[in-house]
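Bear in mind that the values in this text are calculations on the coordinates, not laboratory data. Remember, predicted model here, so these are calculated numbers, not experimental data. With ideal geometry, Cβ positions are generated from the backbone for all residues, glycine too; neighbour counts draw on all protein chains shown.
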Amino acid sequence: MRRITLIEMTEPWFDELAEFLRIPSVSADPARAGDVKRAGQWVCDFIQAAGGTAELIDWNGQPLVNAEVPASGGGDAPTVLFYGHFDVQPADPLELWESAPFEPELRDGYLYGRGTVDDKGQLFMLLSAVRELAQAGELPVNVRFCCDGEEETGGHSIVEFLEADARGADAAVIFDSDLIRPGVPAFNMATRGLVYFHVTVRTGTRDLHSGIYGGAAMNAVHALSLTIAQIVARDGRLVESLRKGIAVPTEEELAGWRELPSGTEELGGQGASPADAKAADEFYLRTFAEPALDVNGIEGGSPQLQKTVLPVEAQANLSIRLAPGQQVEEIAPELERLLRASVPEGATIEIERWSSAAPGRMDPDAKAIQLGLVAFERALGRRPALIRSGGTLPIVPALADKGIPTIITGFGLSDSNVHSPNERLVAEYVPLGISAARELLLELAAL
């Protein structure tokens, strides 16, 4: 029998949030397309019940919530855009879950279930704060909700929608990240970009007998390895032409990074080995503020069966994370040029660019960011640290391009098991997040 805890019987938010979490809105599964739309409609119904207008629109085949809640009393007021996503990761492997992934459960102070942190639980915080203020007649800003149902499988529909939307906003808020540790909030001031390549190297017309031709004929796996070896980072730094445009972190950002766990803790906690002697000490500089080139997969010859051949074709997937300040159309062609220049004579190389996303950066001195720091300090009792994210979030550069200062924050923790079995959110962070979102709305009235 499932254990019923005191918090489940007393917390007013549980039943409502649980209804949202029970919708298996897995965007990666075509069979769940109807559930993704159902989750989007749930968001629309919530906003309409709060006094706003909302519609679930089809944006180039993807469901997207477009909604507004007007400021109480009307009149001229700033506009704040709230973003969140209502799709979730698949729950597999199901056998590793301690409770059903789409049947939320409160245990030992945590709310368990797929989407509790990423991102339904955090979107619920924003929705609830707006409803609370609107129903009390105290909402001081106009709120726009733009929420998508494909963030976990690309996130490009919301970018395209924002590019086509001429309305703009005075500020944006995204709850879709983590606290540094319990009680220590953070604002993400930047995200890295990404360019993804597929590379094929060929050295002949057919595989050859390694006994007869080994040592004399070119090996495609060797050629590809030598090509990549010419370009990978040395001591954590790529060649200068791939570092063009890097935005140097501010002193306030560097101070925020010092609040984070050490690089040794971060690497050790993931069972990872440092790339070199300085990697742990420079962990945040390298993952927040430097580009990084990685081989994401390599294939050639016969790695599983004993087969003595010289392969004449080898392939690799390469990605380069772009640092804030860099431009896709400057760095991507330069990486292609370097690859072509590095391939050994006698080999041919084919390069395909499969995808790209720009880095995003917000000005920490922007008025909206500074007001947000004040609001969070009032709600949580501690001023957020200004950090960056090593990951890529396509909506961030889209907002930056429109000149919309964006507060990117959240209430996950390192043990939230996001994208893994037993995803969980600290239960007391639900009302805390609602309180923080409410304080943000009140403070952003000063824009």
Legend entry - Kirkwood-based Rg to Rh ratio, the range 199-327, C-alpha trace: 1.12
Inset, instruction - Rank A223, A277, L194 by how far each Cα sits towards the positive end of the charge dipole of the range 173-304 (+1 on Lys, Arg Cβ; -1 on Asp, Glu Cβ) and give me just the farthest. - result: A223
Inset, instruction - Identify the GluC sites (Glu not before Pro) of the range 290-354 meeting these criteria: DSSP loop state and at most 16 other C-beta atoms within 10 Å of the C-beta. - result: E345
Inset, instruction - Name the residues whose placed amide hydrogens come within less than 5 Å of the amide hydrogen of A186, ignoring near sequence neighbours (fewer than 5 apart) on the same chain. - result: I180, A385, G410
Legend entry - Coil-residue trypsin sites (Lys or Arg not before Pro) of the range 184-233, DSSP, other Cβ within 10 Å capped at 14: R206
Inset, instruction - Output ³J(HN,Hα) for the range 279-284: one whole-Hz value per residue in order, computed from phi by the Karplus curve 6.51 cos²θ - 1.76 cosθ + 1.60 with θ = phi - 60°, and x for Gly and Pro. - result: 4, 5, 5, 9, 3, 6
Inset, instruction - At 7 Å along the Cα-to-beta-carbon direction for both A247 and D415, put a label point, then send me their distance in nm to one decimal. - result: 3.4
Legend entry - Farthest toward positive dipole pole in the range 344-404 [+1 Lys/Arg, -1 Asp/Glu at C-beta], among A398, P384, P359: P384
Legend entry - Computed label-point distance, nm, for sites E336 and A255 using a 7 Å Cα→Cβ extension: 4.4
Legend entry - Calculated Rg and Dmax of the chain using C-alpha coordinates, Å: 24.3, 86
Legend entry - Phi to ³J(HN,Hα) by Karplus 6.51 cos²θ - 1.76 cosθ + 1.60 over the range 81-94, Hz, x for Gly, Pro: 9, 9, 10, x, 10, 10, 9, 9, 6, x, 8, 4, x, 5
Legend entry - Simple spin-label estimate for Q135 and T153 in nanometres, 7 Å along Cα-Cβ: 3.4
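Which order do peptides 61-68, 108-115 fall in by mean Cβ count within 10 Å, highest first?
Result, highest mean Cβ count within 10 Å first: 108-115, 61-68.
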Inset, instruction - Whole Å is fine, so just give me how far the alpha carbon centre of the range 256-316 lies from that of the range 396-447. - result: 29
